[in-house]
Every structure is written in structure tokens, then in C-alpha cells.
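Below: the structure, in C-alpha cells.
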Amino acid sequence: MDKKFFLKGRFYFSVVMVLAFLGLIVFEGMANAETEEMRGNEQGLAIAKEREKRAKGFVDFTGDMEMILKNRHGEISTRQMRTKTLEVKGDGDKALSIFDTPRDVKGTAFLTFSHKSGDDDQWLYLPALKRVKRISSSNKSGSFMGSEFAYEDIASQEVEKYDYKYLRQEPCGKNECFVTEEYPLHPKSGYKRMIVWTDKTEYMIRKVDYYDRKNTHLKTLTFKGYEKYVNKFWRADEMEMTNHRTGKSTKILWKEYKFNTGLTDKDFRRNALKRAK
């Protein structure tokens, strides 16, 4: 055999083997990355499920709310509201909020039927117009009553509505938190993703960063003053949503929580919105 031909053949064979080896390394790296991503997704989902599990079982509750709206100049307006919520087995919660003050919004009522899949059902009764307005799925990112909360923020956050990714653990104030990323599955959501800080001990949400569809940091929601009710359920006394784009913020102060008050489906009928008290 020609020596030159033999050496050339060995050279090509060596090159092929090196390329194959490099390809194997790249493949293993990709496989490991996919495995890590799957683990991250599973861990993120597990945290969300545990968070939901600890919040379930309250049956129903009522509460009073003060909504404090602040514009970019620091000017403040306040609204007084009452709310009641009914837990629904196998689905999302039903919630009804009624505005008492100021006079221009008194009697306004907002009803939400949250669902684990598909669109949530939401209706807004406007006493000035004496009519009930259905909130369409295309308007879920719209402002709720001029606040920095969107309609989709008001509905109960069911686990099935998101994909999840575990990011890390880190201190959050005096606590240690899991940090996860959540991706809304609804095509009309106003958010591309949210980063959520969940307390490791009690699985309470401490903070949420919201990113718009262009992946720009839009809003931050913080929770403060958690208290335990009926020796089981943690509820925040203060929730504040800050809009980084507009400089506006909305703070909600909760009080007078009452659990197991005997609410039923009859208290959440759509045709009773006009008579909500």
C-alpha cells in the first residue's frame, strides 16, 4: 500500500474520531443542560404546588380593604372596599368585591370566577351606568378600577395557569426564600414572566416582579405584615403594587378577616351584582 495514502487515511480517521469525541461532549453537555432544566422545572412546580396546598382549605372568608392610589407626584386617593371569597372544590375561587367609598365609585361591584384552565369569568357592575360589564379575555391586562393591579392580578393564581422554573435560594428580609420564575400560559396575559420570592418556612409569597410582553420589568408587588388566622392560614395585612414605568403605586390594606362565615354559591350569582351589599 502506498505509504502516503496510508498516512493520509490515518490522518482522516483521527480527525473523524476527534470530531466524534467532540460531538459526544457537546451532546452530553446538551443532555445535562436539558436534565438540569427539567429538574428546575419540576422543583419550581413543586414549590408552587406546596404554596397552593398550604393556602387551600379555608372554605370561605370575608375582609375589609382600603385601597390607596398614589400618582407619580405623590398625590393620594383612597377607596374603601369589602370582599368575600368562596373556595370551590376542583376549580378556582369565587370572589366578590364591593366599593363603599368614595361616592363616585360607591356600589361598584366586581365578581370573579377563577378557573384552573381556560379563561376566568369576570364581571364589573357600574352603578352610574346601571349595567354589568363582562371583562373579556383580551382585556385581562387592563387596569382594575384605575389601580396598578390588572384584572388578571385579581383572580386567584391557580398552579395550572403557569409553567415554572426554579432559579435559586436567597435571603429576603429576615427570611430565606425560594426564587422561581413563572410563565403565564394564557395568550392574552399582559406578562411574559414573573419572578416570585416564596418564604421557605411557611411558603408565603414575599415579592413578585412582573415583566411585560417585551420582557421589560414593569411592576413589583410586595407583601408585608403576615398574620396567621384560625391557626393555619397566613394572610398579608399589606400588599403594594409599584409600576416602574409610570411611577404610580397602589397599596391595599387588609383588616377584619373572618373565616368560615357560611358563604354559598348564592352569594356569588352574577344577576345579584346590582344588589350586592
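Looking only at the stretch 209-255, count how many residues are outside any strand (DSSP E or B) and hydroxyl-bearing (Ser, Thr, Tyr).
The total comes to 2.
Which residue pairs have Cβ atoms closer than 6 Å, lie 6 or more positions apart in sequence or on different chains, and pair a first residue in the stretch 97-121 that is modelled with pLDDT under 95 with a second residue that is open to solvent by 30 Å² or more (accessible area, probe 1.4 Å) and part of a helix (DSSP H, G or I)?
As it stands, the answer is 116/160; 117/160; 119/137, since those pairs meet every condition given.
Take residue 165 and tell me if it is in contact (Cβ under 8 Å) with a residue 24 or more places away in the chain, of a type outside the set (Phe, Trp, Tyr), closer than 17 Å to residue 48 by Cα and outside any loop (DSSP other than H, G, I, E, B).
Yes; evaluated as a whole, the condition is true for this residue.
Residues in the stretch 56-73: is at least one open to solvent by 30 Å² or more (accessible area, probe 1.4 Å) and more than 30 Å from residue 177 (Cβ to Cβ)?
Yes.
Going by the structure shown, is residue 39 assigned to a helix (DSSP H, G or I), within 29 Å of residue 195 (Cβ to Cβ) and out of contact with any Pro (no Cβ under 9 Å at 6 or more places or on another chain)?
Criteria met by residue 39.
Return a yes/no flag: does the stretch 54-74 have any residue that is in a helix (DSSP H, G or I) and either under 30 Å from residue 256 (Cβ atoms) or modelled with pLDDT under 95 (or both).
Looking only at the stretch 54-74, we keep the residues that are in a helix (DSSP H, G or I), and these are 54-55.
Next, only the ones that are either under 30 Å from residue 256 (Cβ atoms) or modelled with pLDDT under 95 (or both) stay: 54-55.
The answer is yes; a qualifying residue exists.
Quick one: in the stretch 108-145, which of the residues that are aliphatic (A, V, I, L, M) and over 29 Å from residue 247 (Cβ atoms) is surrounded by the fewest Cβ atoms within 10 Å (Cβ to Cβ)?
Step one: list which residues in the stretch 108-145 are aliphatic (A, V, I, L, M), which gives 109, 111, 124, 126, 128-129, 132, 135, 145.
Going one step further and asking which of them are over 29 Å from residue 247 (Cβ atoms), we end up with 109, 111, 129, 132.
Details: 109: 22, 111: 23, 129: 8, 132: 15.
Selected residue: 129.
So which residues in the stretch 247-277 are polar (S, T, N, Q) and open to solvent by 40 Å² or more (accessible area, probe 1.4 Å), if there are any at all?
Matches in the stretch 247-277: 260, 261, 264, 271.
Out of curiosity, is residue 78 in contact with a strand residue (DSSP E or B) (Cβ under 7 Å, 6 or more places away or on another chain), open to solvent by less than 40 Å² (accessible area, probe 1.4 Å) and either more than 22 Å from residue 252 (Cα to Cα) or modelled with pLDDT of 95 or more (or both)?
no
Evaluate the stretch 146-156: report whether one residue or more is open to solvent by less than 70 Å² (accessible area, probe 1.4 Å) and of a type in the set (Val, Ile, Thr). If you could, list the steps in order and put the result at the bottom.
Step one: filter the stretch 146-156 for residues open to solvent by less than 70 Å² (accessible area, probe 1.4 Å), giving 146-156.
Imposing the further condition that a residue be of a type in the set (Val, Ile, Thr) reduces the set to 154.
Yes.
So how many residues does the stretch 228-246 have that are touching a residue at least 12 places away in the same chain (Cβ under 8 Å) and surrounded by fewer than 16 Cβ atoms within 10 Å (Cβ to Cβ)?
Restricting attention to the stretch 228-246, the residues satisfying the condition of being touching a residue at least 12 places away in the same chain (Cβ under 8 Å) are 229-230, 232-246.
Among the residues that remain, those that are also surrounded by fewer than 16 Cβ atoms within 10 Å (Cβ to Cβ) are: 229-230, 232, 237-238, 244-246.
Here the count works out to 8.
Pairs please, first residue from the stretch 41-53 and surrounded by fewer than 14 Cβ atoms within 10 Å (Cβ to Cβ), second anywhere and in a helix (DSSP H, G or I), Cβ atoms under 7 Å, 6+ apart in sequence or on different chains.
Correct list of pairs: 49/159.
Give the stretch 168-208 a look and list any residue that's outside any loop (DSSP other than H, G, I, E, B), open to solvent by 60 Å² or more (accessible area, probe 1.4 Å) and touching a residue at least 12 places away in the same chain (Cβ under 8 Å), or say none.
Result: 169, 176, 183, 192, 207.
The values are calculated or read from the model by the stated rules, or taken from the named source; none is laboratory data. Given the structure is predicted, the values throughout are model-derived calculations rather than measurements. Note that each Cβ is placed from the backbone with ideal geometry, even for glycine, and that neighbours are counted across all protein chains shown. To get the accessible areas, we keep the full protein, side chains included, count just its heavy atoms, and leave off ligands, DNA and RNA. Shrake-Rupley method; radii C 1.70, N 1.55, O 1.52, S 1.80 Å.
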